[in-house]
1. Picking from Asp230, Asp272, Asp159, which is most flexible by a Gaussian network model of the chain using Cα springs under 10 Å?
2. Considering only Tyr18, Tyr49, Tyr325, give the residue with the highest GNM mean-square fluctuation for the chain, with springs between Cα atoms whenever their separation is below 10 Å.
3. Fully extended, how many nm does the chain gain between Asp39 and Gln328 (0.36 nm per residue separation, minus their Cα-Cα distance)?
4. Hey, can you grab everything whose amide H is under 5 Å from the amide H of Ser14? Only 5+ residues off in sequence or another chain; H modelled, so Pro and N-termini drop out.
5. Give the separation of the Cα centroids, the range 242-284 to the range 66-124, in Å.
6. Just want to confirm a number: the relative contact order over the range 48-118, from Cα pairs under 8 angstrom separated by 6+ residues, in percent.
7. May I ask you to compute the full-extension gain from Asn46 to Asp27, defined as 0.36 nm times their residue separation minus their alpha-carbon distance, rounded to one decimal in nm?
8. Would you rank Met140, Met319 by solvent-accessible area, highest first, keeping every protein chain in place and using a 1.4 Å probe?
Amino acid sequence: MLGKTIGIDFGSASTIMYVEGKGIVLDEPTMIAIDTETDIPIAIGNAAYTINGRTDDTISVVSPVKNGIISDYTNAEHILRYYFQRLCGNSIFKPNVILTVPSSATNLDKRTFLDVAMHAGAGRVCLVEESLASALGLGMESNTFSGQFIVNMGAGAVDVAVVTMGSLAVAKSLKVGGKSIDAAIQRYLRKERDILIGSQTAERLKICLGSAVPRKEEIAIMVGGKSSLDNMPISFEVTSTELFTCIRSQLDLIVGGIKSVLEITPPELVGDISENGIVITGGTSLLYGLKTLLESETGIEAHLAADPMYSCVSGAAAMVKDVDYLAQNGYAFKTLQELS
Ligand SMILES: Nc1ncnc2c1ncn2[C@@H]1O[C@H](COP(=O)(O)OP(=O)(O)OP(=O)(O)O)[C@@H](O)[C@H]1O
Ligand SMILES: [Mg+2]
C-alpha cells in the first residue's frame with residue numbers, strides 16, 4: 001500500500017496514534033476548543049485540555065467522541081485532519097488508517113467513523129472492533145477456538161466482548177465509564193454538600209480516592225471548588241468513604257452489563273472463560289479494587305492488563321505491521337469512492 005499506515009484509538013478521553021516504523025507518535029486528549037462566534041478551531045488536544053473550564057463563553061471546549069462513538073462530526077473531522085497533517089506533512093500519498101470502534105457500534109456509527117476519517121484526509125480506512133484490537137494488543141491468542149473474555153473500560157464506554165477464532169462471538173458496549181463516574185462525583189458534591197467542582201477536579205478525586213471496594217484505611221484530600229449557595233471559592237476535604245458510596249451506582253451498571261454478556265454467551269465459551277479468566281483493560285480498569293469487585297461478583301478470576309491505556313492501539317499497531325491479518329479475518333480497507 002502506498003502512503004503511511006496509521007493505527008488509531010480515537011477514544012472518548014484520548015486519541016492515540018501509531019505510525020508504521022515510528023511507534024506511538026501521539027497521545028493527546030480528544031478535545032477541541034472552538035471560537036463560538038466563528039466556529040473556527042483555536043486549540044486541539046493538549047492545548048484544548050489546558051484551557052477546558054477556564055475560558056469565557058467566547059470559547060467552547062468540546063469532546064466530539066461520546067460513549068465511544070462520534071457525536072460531533074465536524075469537530076471530530078477537525079481533530080483528525082489536524083493530526084493527519086501533522087503526521088503526514090505534504091506527502092502526496094494519503095495515509096491508510098486502521099481505526100478502532102466500539103464492538104457493538106451500529107452500521108450508522110461505523111459509517112460516521114469512515115466518513116469522518118476519509119473527509120479528514122485518510123485515503124483508505126479499515127474499522128476494527130476495539131475488543132479484538134485490545135485482545136491482539138495484549139498478546140492474547142485471539143485466533144484459537146478457546147473463548148477469551150475481554151472488558152475494555154474506557155472513559156465513555158465499557159466494551160465487553162468474547163473473542164474466539166479472530167472474531168467476536170458476543171459483544172456489548174455499555175454507556176458508562178470513567179466520565180460517568182466523574183459526573184457522579186460532581187452530582188454528589190452538588191447535591192449533598194452544595195459544592196460545584198469542574199470535571200478535571202472530579203477526575204482527580206476519582207483517581208486519588210475512588211475505589212470499587214471499600215479501602216482498608218480511609219484516605220482524604222483537600223480540593224478547591226465553589227459554593228453553590230453563594231458562588232464563593234471554597235477549599236474542602238473529601239474522603240474515600242463518601243466517594244465509594246457515590247460511585248457505587250456506576251459500578252453496579254458495569255457489573256450488571258458484564259453479567260448480562262455472560263448470560264447470553266454460549267455454554268462452551270463460558271466454560272473457556274472460567275478457565276481463561278476475565279481480562280480487564282482501558283483506563284478505568286485502574287480504579288482501586290476493580291479486579292476484586294469483578295472476581296467477587298462473577299466468581300471468575302480477573303487479570304488486569306499491564307498497560308491498559310495502550311492495549312487497544314497496540315492491537316491496531318499489530319495490524320499495521322501485519323495487514324494480512326485483517327484480510328484473513330474478513331476486514332477490508334474502504335475508500336471514499338467505495339462508500340458513495
Ligand atoms: N488510576 C485511575 N483510576 C481510575 N480511573 C482512571 C485512572 N487512570 C485513568 N483513569 C480513567 O480512565 C479513563 C481513560 O481511559 P481510556 O484512555 O481507556 O479511555 P478512552 O479510550 O479514551 O475512552 P473510550 O474507550 O471509552 O472511548 C478516564 O476516564 C480516566 O479518568
Ligand atoms: Mg478506549
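The values are calculated or read from the model by the stated rules, or taken from the named source; none is laboratory data. None of the values given here were measured: they were computed from a predicted structure. Glycine also receives a Cβ, built like all others from the backbone with ideal geometry; neighbour counts cover every protein chain displayed. To get the accessible areas, we keep the full protein, side chains included, count just its heavy atoms, and leave off ligands, DNA and RNA. Shrake-Rupley method; radii C 1.70, N 1.55, O 1.52, S 1.80 Å.
1. Looking only at Asp230, Asp272, Asp159, the biggest GNM fluctuation is shown by Asp230.
2. Taking springs between Cα atoms under 10 Å, the residue moving most is Tyr325.
3. On the way: separation 289, 0.36 × 289 = 104.04 nm, distance 4.32 nm.
Contour length minus Cα-Cα distance gives 99.7 nm.
4. Residues meeting the criterion, in which the H sits 1.01 Å from N, are Thr30.
5. Computed from Cα coordinates, the inter-centre distance equals 30 Å.
6. On the way: 37 pairs, mean separation 22.6, N = 71.
Taking the mean separation of contacting Cα pairs over the length of the range 48-118, I get 32 percent.
7. On the way: separation 19, 0.36 × 19 = 6.84 nm, distance 0.90 nm.
Full-extension gain reported as 5.9 nm.
8. On the way: Met140 30, Met319 0 Å².
Correct descending sequence by accessible area is Met140, Met319.
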